[in-house]
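Report on the structure given below.
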Amino acid sequence: MKNAKLVTNIIIAILAILGYKLVKEKGECIVNYSFKAIYKTEKPNEEVNLLGDINFIIEEMIIDGKKVDSCTEYTFELNGTHSVLVSVDLSHTSSLEYMFYDSEIISISFTEKFNTEKIVNMNNMFDSCTKLTSIDLSVFNTRNVLGMQGMFSECTSLKSIDLSNFNTELANNMDSFFYKCISLTSIDLSNFNTKNIGIMAKFFSGCNSLTSINLSNFNTEKVNEMNGMFRDCTSLKVINLSSFDTSKVEKMNNMFLNCNKLVSLNLSNFNTIKVEVMNGMFNSCYSLISLDITSFDTQNVKKCLLCSIIATL
């Protein structure tokens, strides 16, 4: 028995030297897994989607220590809380779009085997993961990613997220990036390079617990859509947009709609020469006592839409 244990330990040590991870869960082992997730169901024998859309090869899957015989199936009937280890091959795909869409995941962490170097599409990757409370993306390589639309949209239980390792230099679409992330209280995006972003519509829309945000590093020189960007951010009192270049923006409708605690807003740097839609831009901003928009050039704004900008100020 002792000799068998010794041999096992030697094998584990050799695998570690070679860069593999050997994880033992209730008697079952999976070598070099890609991610570990915890899923939780509310109802007995509830049908659970462990993954959303699959654009890659699932090599191996273990649920609560039991190996799944066929990795072509990823919908199971489960009860309560479950630990899932998954090994995937991403070498033949460039898209992780909707990968975990609407899954029952509550926490997830990734290993270096989850190599995202070739990925260009992460649109809606974690969209509608309403139970997700913990996520570790520290191994993500996003240097080639173009699409990040709705990446964390409706992650309604997520209170914090660390994206300090994200390289967003090539990203061109962040529409609804944090849409309805109602539990987020603060976000640090100081490392974000947004020089190629064209769409920021609904970026923070519905983040009604967000109390502070630093966008001083945001480069918006290519952005043409900012509609609904801060809509329903009902806890924000101040937003510093002094770094914003809006010279190419065409849509600003509902940009600050229902920001009812916003007390200060300086838009003296806003260039609105190309803006065509502004309706509802400041609707329901009840705490905004004064607002100077004398610098606004509205010559291209569609007829009659400007009237609702200050309707409820």
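The values are calculated or read from the model by the stated rules, or taken from the named source; none is laboratory data. It should be emphasised that the depicted structure is a prediction, and the values quoted were computed from it without experimental measurement. Positions of Cβ are backbone-derived with ideal geometry, glycine not excepted, and every protein chain shown enters the neighbour counts.
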Scan region 194-206 and give yes if some residue there is over 24 Å from residue 272 (Cα atoms) and buried (at least 16 other Cβ atoms within 10 Å of the Cβ), otherwise no. yes
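Looking at region 71-119, which of its residues are in a loop (DSSP other than H, G, I, E, B) and closer than 16 Å to residue 33 by Cα?
Listed by number, the residues that qualify are 71, 90, 91, 111, 112, 113, 114, 115, 116.
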Residue match in region 138-145 (condition: in contact with a Leu (Cβ under 8 Å, 6 or more places away or on another chain), part of a loop (DSSP other than H, G, I, E, B) and surrounded by fewer than 18 Cβ atoms within 10 Å (Cβ to Cβ)): yes
Neighbours by Cβ (under 7 Å, 6+ apart or cross-chain): first from region 216-231, free of Cβ contacts under 8 Å to residues at least 40 places away in the same chain and on the phi > 0 side of the Ramachandran plot; second among the charged types (D, E, K, R) and in a loop (DSSP other than H, G, I, E, B): 228/202
From the set of residues in region 228-252 that are polar (S, T, N, Q) and modelled with pLDDT of 95 or more, which is farthest from residue 210 (Cα to Cα)? 247
Residue selected from region 212-231 under the condition within 18 Å of the chain's Cα centre (by Cα) and in a loop (DSSP other than H, G, I, E, B), by the criterion surrounded by the fewest Cβ atoms within 10 Å (Cβ to Cβ): 214
Pairs, first at positive phi in region 136-157, second small (Gly, Ala, Ser) and buried (at least 16 other Cβ atoms within 10 Å of the Cβ), C-beta under 7 Å, six or more apart: 150/176; 154/128
Scanning region 103-127 for residues that are charged (D, E, K, R), buried (at least 16 other Cβ atoms within 10 Å of the Cβ) and closer than 28 Å to residue 176 by Cα, which turns out farthest from the chain's Cα centre (by Cα)? 104
Quick check on region 244-271: of everything there that is of a type in the set (S, T, N, Q) and under 14 Å from residue 204 (Cβ atoms), which residue is surrounded by the fewest Cβ atoms within 10 Å (Cβ to Cβ)? 258
When both residues are 6+ apart or on different chains and their Cβ atoms are under 9 Å apart, which pairs have a first residue that lies in region 42-67 and is surrounded by fewer than 14 Cβ atoms within 10 Å (Cβ to Cβ) and outside any loop (DSSP other than H, G, I, E, B), and a second that is hydroxyl-bearing (Ser, Thr, Tyr) and at pLDDT below 80? 47/75
Looking only at region 23-41, and only at residues there that are modelled with pLDDT under 80 and surrounded by 11 or more Cβ atoms within 10 Å (Cβ to Cβ), the one that is nearest to the chain's Cα centre (by Cα): 32
Going by the structure shown, is residue 45 within 22 Å of the chain's Cα centre (by Cα) and either among the hydrophobic types (A, V, I, L, M, F, W, C) or modelled with pLDDT under 90 (or both)? no
Taking region 86-102 and keeping only residues that are under 20 Å from residue 67 (Cβ atoms) and under 22 Å from the mean Cα position of the chain (by Cα), one is left with 86, 88
Take residue 103 and tell me if it is at pLDDT below 95 and out of contact with any strand residue (DSSP E or B) (no Cβ under 7 Å at 6 or more places or on another chain). no
